[in-house]
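The structure under discussion appears below in the form of structure tokens.
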Amino acid sequence: MAQTNGFMEAAFEEARAAGARGEVPIGAVVVRDGEILGRAGNETRVLNDVTAHAEIVAIRRAAAAVGDERLTDADLYVTLEPCTMCAAAISFARIRRLYYAAHDPKGGAVESGVRFYQQPTCHHVPEVYSGIRESEAAAMLRGFFQERRD
């Protein structure tokens, strides 16, 4: 597995910040040449926008930072397996590598669910590295939802 150089920790920081503001604690960072171009935690509630998943917001910020919708040679670090919407955005942005922490058997679309990158209609497939700090990410999500049930 490729070295994550602390970028997954930055994604975890974004996830923790999202959780602190009442969002589902998922974080993402887009990196190119060792520099974070965009970072975000979920912002669906604060923006009243169902598309404001951490991955989408981080990709939007990175694209704005470089002035190009294509993020060729960029990598994405995220704390949960991306859903179908986010997997598509990752493909459309031409992200080079995807690193994610916890698998999401219910909503994930990379190695779970629809397996978006294995579909013939997918035009760009990033390299995928999964399971990085998986138990930590899963525990963060379980704790967040347990607090809401109590």
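The values are calculated or read from the model by the stated rules, or taken from the named source; none is laboratory data. All values derive from a computational prediction rather than experimental measurement. So basically every Cβ, Gly included, is an ideal-geometry build from the backbone, and we count neighbours across all protein chains shown. Surface areas here come from the heavy atoms of the whole protein model, side chains and all, with no ligands, DNA or RNA. Shrake-Rupley method; radii C 1.70, N 1.55, O 1.52, S 1.80 Å.
Could you order the peptides 111-117, 36-42, 83-89 from most to least packed, using the average number of other C-beta atoms within 10 Å per residue?
For the peptides 111-117, 36-42, 83-89, the packing ranking is 36-42, 83-89, 111-117.
Please work out the average accessible area per residue across the chain, using the 1.4 Å probe convention, and give it in Å².
49 Å²
Give the long-range amide H neighbours of SER130: residues separated by 5 or more places, or on another chain, with amide H under 5 Å away, using H modelled in the peptide plane at 1.01 Å from N.
TYR100
Just check the range 1-65 against the gyration tensor rule for me: Cα atoms, a ≥ b ≥ c as the square roots of the eigenvalues, rounded for a/c under 1.5, and otherwise prolate or oblate depending on whether a/b exceeds b/c.
It is oblate, given that a/c is not under 1.5 and a/b is not larger than b/c.
In whole Hz and in residue order, list the ³J(HN,Hα) couplings for the range 76-83 that follow from phi through the Karplus curve 6.51 cos²θ - 1.76 cosθ + 1.60, θ = phi - 60°; x for Gly and Pro.
Ordered by residue, 3J(HN,Hα) equals 10, 10, 9, 7, 9, 3, x, 6 Hz.
For PHE92, PHE12, what's the largest-to-smallest order of accessible area, 1.4 Å probe?
The most accessible residue leads, giving PHE92, PHE12.
Which percent of the accessible area of the chain is formed by carbon and sulfur heavy atoms (probe 1.4 angstrom)?
Summing carbon and sulfur atoms, their accessible area is 50 percent of the total for the chain.
Please compute the contact order of the range 23-150 in relative form: average sequence separation of alpha-carbon pairs under 8 Å and at least six residues apart, divided by the residue count, as a percent.
Relative contact order for the range 23-150 comes out at 21 percent.
By its C-alpha gyration tensor, with a ≥ b ≥ c as the square roots of the eigenvalues, how is the range 36-135 shaped: rounded for a/c under 1.5, else prolate for a/b larger than b/c, else oblate?
Taking the square roots of the gyration eigenvalues as a ≥ b ≥ c, the range 36-135 is rounded.
Tell me the net charge near TYR129. Cut-off is 13 Å between Cβ atoms, TYR129 excluded, with +1 for each Lys or Arg and -1 for each Asp or Glu.
Spelling it out: positives minus negatives among the neighbours equals -2.
What FRET efficiency comes out for ARG94 versus GLN146 if R0 is 35 angstrom and r is the Cβ-Cβ distance? Round to the nearest 0.05.
Given R0 = 35 Å and the Cβ-Cβ separation, E is 0.40.
Sequence-distant or interchain residues sharing an amide H contact under 5 Å with ASP104, placed H: which?
Close amide H contacts, sequence-distant or interchain: GLU81.
Taking a point 7 angstrom from the Cα of GLU134 along the C-beta vector, which residues in the range 74-106 have backbone N less than 17 Å away?
So the set is 78-83, 98-106.
Assign unit charges at the C-beta atoms only (+1 for Lys and Arg, -1 for Asp and Glu), then state the dipole size of the chain relative to its Cα centre in Debye, rounded to the nearest 20.
That gives the chain a dipole magnitude of about 240 debye.
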